[in-house]
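Student: There's a structure below that I have some questions on.
The values are calculated or read from the model by the stated rules, or taken from the named source; none is laboratory data. The shown structure was predicted, so the numbers you read here are calculated from the model rather than taken from an experiment. Heads up, the Cβs are rebuilt from the backbone with ideal geometry, glycines too, and the neighbour counts pull from every protein chain shown.
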Amino acid sequence: MKHKRKNLTKQKTVMTAAKILLVVLTAVYPFFMTIMTGVGILSKSGIYGKTISGYAAGLIVSGATLTAAAVLCLFRKSLPNLLSMLTAVPGFAVCMTALSRLADHAEKAGWMGHGAYALMPVADMYRQRILPVILPFLLTCVIAAAQFFSYSAGEERREKKKKIEKAEDASYRKITDS
């Protein structure tokens, strides 16, 4: 019994640490870097045109989606964890697609940074700011999957199913007894 409790405490500690790391990484990368890069590009949309502005909008939407997915996986219930996984994947796909196309365009156009980034190609700057989104994405998926497929979540779903079955049986008995 003590061994089981010790393992459970260790698992909770690891999960809590993973969630804290997720919150920090999400605040920095999807929320701040990705969304702010998109906002920065959109603020000069007259210069860049519709195509680049579309990529910027994709960055904003994907950053918001990945942030929402990370927030959903902080809950222990099954439905938020399932929704977390289902929103993280398309959000990440949109982010990487927008990054790829934006960096491709910046390379072809030969964009170079200004000020402190004067010697750095803009495509590299975009990659450095946005590629680390991979970390919170993977952490979101791992945490959500671990919580969704955990024993306690399975027990919760089984109990809910039993309650529904009992309610259906009770309503069936009322109908047949009448």
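Student: Using beta carbons and a limit of 7 Å, which pairs, at least six apart or on different chains, have the first residue in the stretch 95-108 and in a helix (DSSP H, G or I) and the second one among the aromatic types (Phe, Trp, Tyr)?
Tutor: These pairs meet every condition: 98/55; 99/126; 101/55; 102/55; 102/126; 103/126; 106/126.
Student: Give the residue, chosen from 22, 86, 82, 72, that is at pLDDT below 95, under 13 Å from the mean Cα position of the chain (by Cα) and closer than 30 Å to residue 160 by Cβ.
Tutor: 82
Student: Something else now. Tell me which of these residue 121 doesn't satisfy, since it passes every other one: (1) under 21 Å from the mean Cα position of the chain (by Cα); (2) surrounded by fewer than 17 Cβ atoms within 10 Å (Cβ to Cβ); (3) farther than 16 Å from residue 25 by Cα.
Tutor: The failed condition is (1).
Student: Okay, next question. Where the second residue is surrounded by fewer than 18 Cβ atoms within 10 Å (Cβ to Cβ) and part of a helix (DSSP H, G or I) and the first is among the β-branched types (Val, Ile, Thr) and lies in the stretch 114-134, which pairs have Cβ atoms under 9 Å and are six or more apart or on separate chains?
Tutor: Final answer for the pair search is 122/107; 122/109; 130/96; 133/96; 134/96.
Student: Within the stretch 100-109, can one find any residue that is at pLDDT 95 or above, closer than 24 Å to residue 145 by Cβ and surrounded by 16 or more Cβ atoms within 10 Å (Cβ to Cβ)?
Tutor: Among the residues of the stretch 100-109, not one is at pLDDT 95 or above, closer than 24 Å to residue 145 by Cβ and surrounded by 16 or more Cβ atoms within 10 Å (Cβ to Cβ), which makes the answer no.
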